[in-house]
Amino acid sequence: MAHADLIAMARENHAYVASGTIQQTDDVCRVPAHLYFDRARWDLEMKQVFRRVPLALALTCEMRNPGDYKAMDVAGVPVLISRDSTGSVRAFVNMCSHRGAVLMPAGNGNAKRFTCPYHAWSYGQDGALIGVYAPKDFGDIDRSAYGLTELRAVERAGIIWVVLDPRSTIDFDAFLAGYDEVLGHFGFADWHFFERRTVKGPNWKIAYDGYMDLYHLPILHKNTFGPQMPNQAIYTAYGAHQRVSSPDPGLAALMDQPESSWPTARLMGGVWTIFPHISIASFEGGGRSVMFSQLFPGDSPEESYTVQNYVMEHAPDAAQIEAATAQFKLLEYVVESEDYATGLAQQRALKTGVREHVLFGRNEGGGQHFHRLLDELLVTPDDQLNDFFARLAASTSR
Ligand code: FES
Ligand SMILES: [Fe+2]
């Protein structure tokens, strides 16, 4: 099914090229400007979005082996993702059960056990409390009740999703809406983790809008990669998630070839976003690669940071390392000095309050879809969350 989807998306793309038309929504859409800086709205987004929905926090290729772990802070929650001795991914709140110290410092590593820096209590890769320092002095406790707090996690398509709310009953399938199957055609589980960087940016939605926006490419990026880029976009939604591609005249050459011969890598072009905060964009620097960008809210509505993960289909040789490094450097520059510099100025201007709303054109359907569903999600009660995503998946199913 997922492969048939790729073929259908390529045919749709070609149809736009052949007819000289482009995808348009019914109307221009208005988004209230204060939604980009209002503190109460931002708090609600943290609670109703970042704490409730599965977040793509790690890639299989950065923690492939038993004992590999990754510690990180996500929307104020310290998270520890671990691959246990059976190879399964587990996720926990990265907090010691004794008095709440953060267990592992942020970063990746490999450990048989996790030992707290405060009083050396230790936990297994499965989160079980296995060691209490000076237990006779400390006194008796039921160790089985003091393991790490577990978070729900799934690993699919070489991507690890974690839900920050330990009480979550989210239906991963409804949330993913089949998108994980399509993303599976990248084969990320077997890819090579090259490097990561962190870039500071504006409000997370100002930053995220830009990843769904091809309209700006030849303009804002005129001094870097923009001049060769089209400014038109075709959006394909899978529930909350959206693939963004630009009309590709090169697809014409495939149309009279058997579909089975269409190269999968060719069909996977463009930008793949994962709601609410991921963008996957393909590049060729040093061989086939993607920039897997994770946008995280900072400490206030006006701050975010983006972890740019550069992941390559194959481990690079020396020449490819040089090309990949140059490509990665350019992408960091583009995002920091063009996209986010613009976004930071944009949010200062919006905050003056002189404009009530901003606009998303009929050609900016991706941003329209994102803001509409965000509005709905914010008012969806916990006990209706699975229905919400199931309905959304049904409304975009093909
Ligand atoms: S807080 Fe971790 S051992 Fe005391
Ligand atoms: Fe951009």
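Scanning the range 129-146 for residues that are within 15 Å of ligand 1 (Cβ to nearest atom) and out of contact with any helix residue (DSSP H, G or I) (no Cβ under 6 Å at 6 or more places or on another chain) yields Ile130, Gly131, Tyr133, Ala134, Pro135, Asp137, Phe138, Gly139, Ile141, Arg143, Tyr146.
Residue-by-condition table, conditions (1) part of a strand (DSSP E or B); (2) within 21 Å of Lys70 (Cα to Cα); (3) outside the structural domain of Asp299 (by TED's automatic domain parsing); (4) modelled with pLDDT of 95 or more:
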| site | (1), (2), (3), (4) |
| --- | --- |
| Ile141 | no, no, yes, yes |
| Gly147 | no, yes, yes, yes |
| Arg167 | no, no, yes, yes |
| Glu181 | no, no, yes, yes |
| Thr198 | yes, yes, no, yes |
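Only one of these conditions is not met by Phe283: (1) in contact with a strand residue (DSSP E or B) (Cβ under 6 Å, 6 or more places away or on another chain); (2) within 16 Å of ligand 2 (Cβ to nearest atom); (3) at pLDDT 95 or above. Which number is it? Failed condition: (3).
The residue list Glu155, Glu150, Glu195 contains one member that is within 15 Å of the chain's Cα centre (by Cα) and in contact (Cβ under 8 Å) with a residue 24 or more places away in the chain, which is Glu155.
The residue pairs whose first member lies in the range 91-103 and is touching a residue at least 60 places away in the same chain (Cβ under 8 Å), whose second member is surrounded by 21 or more Cβ atoms within 10 Å (Cβ to Cβ) and of a type in the set (Gly, Ala, Ser), and whose beta carbons are closer than 6 Å, counting only pairs six or more residues apart or on different chains, are Ala91/Ala153. How many of the residues in the range 95-112 are in a loop (DSSP other than H, G, I, E, B), within 15 Å of ligand 1 (Cβ to nearest atom) and either of a type in the set (Val, Ile, Thr) or within 24 Å of the chain's Cα centre (by Cα) (or both)? Residues meeting the conditions: 2.
The test for being more than 21 Å from the chain's Cα centre (by Cα) and at positive phi does not hold for Gly270. Of the strands (runs of 3 or more DSSP E) that lie entirely inside the range 34-83, those containing 2 or more residues that are surrounded by fewer than 21 Cβ atoms within 10 Å (Cβ to Cβ) and modelled with pLDDT of 95 or more span 68-74, 77-83.
The values are calculated or read from the model by the stated rules, or taken from the named source; none is laboratory data. Note that the structure is predicted; figures quoted are calculated from it, not measured. Here the Cβ is made from the backbone with ideal geometry for all residues, glycine too, and neighbour counts use every protein chain on show.
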